[in-house]
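**Q** Dumping the structure here so I can ask a few things about it.
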Amino acid sequence: MTISKMTKIVFIFLLVMNSYFGFSQNVQEASVEKSIFGAQIGIMGVWVHNELKISNQVALRSEIGIAIVGLWTDGNGTEVGNGYSLPIVALEPRWYYNLQKRSSQGKRIDGNSGNYVSLRGSYFFYDDSDIDRNLSNHPFSAITWGIRRNIGNHFNYEVGVGGGLGFGNSTGRNIGLTPYFNLKIGYRF
């Protein structure tokens, strides 16, 4: 066998193997990002948040902010407060269930852009000097469904709906079903 014939065989072998290895690579599984830090503003207030990766599809969101509270009632129709700004902390595990589908369709998943289901737990801090009635601090938990989408490299928006249990009044014994709505636009750092 001559060197030129041997070179052709090696070249063809490498070409075939290159094609084989190029197409046989496993598609990398879509995943939430390791950590996302950002700020958001919405119809219900202003928040600073962080999302920390728990698994490929689950992120733990923690946030702190100021919630704008409209008209509150105590469950019996009695007005409790109107137009207050309340500090809030929240913890929310989110399951981003469609990242793989979005990735395979060539859609963006950076910044955890996708649909999610979550269990939101939040705590409103009342300052009794600002409120006419004697209220306790207000925990709230809700099951939510939402979407997050990116606008450019740093901006995003979120829309979410759900429902849960709110606890209120001075004894903390008044429990009621409470709707949850989320509409925010934000900046990712």
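**Q** Give the long-range amide H neighbours of N112: residues separated by 5 or more places, or on another chain, with amide H under 5 Å away, using H modelled in the peptide plane at 1.01 Å from N.
**A** Correct list: E33.
**Q** Using a 10 Å cut-off around each Cβ, can you sort Y116, Y97 from fewest to most neighbouring Cβ atoms?
**A** Y97, Y116
**Q** Among W47, W145, which comes first, second and so on when ranked by fewest other beta-carbon atoms within 10 Å?
**A** Ordered from fewest to most neighbouring Cβ atoms within 10 Å, W47, W145 come out as W145, W47.
**Q** For L119 and F189, FRET efficiency with R0 = 22 Å and r from the beta-carbon atoms, rounded to 0.05?
**A** It comes out at approximately 0.30.
**Q** Name the residues whose placed amide hydrogens come within less than 5 Å of the amide hydrogen of Y126, ignoring near sequence neighbours (fewer than 5 apart) on the same chain.
**A** For Y126, the qualifying residues are N137, H138.
Every number in this text was worked out from the coordinates using simple rules, so none of it is lab data. Treat the numbers as computed from the prediction; the structure is a model and nothing was measured. Every residue, glycine as well, gets a Cβ built from its backbone with ideal geometry; the counts of neighbours run over all protein chains shown.
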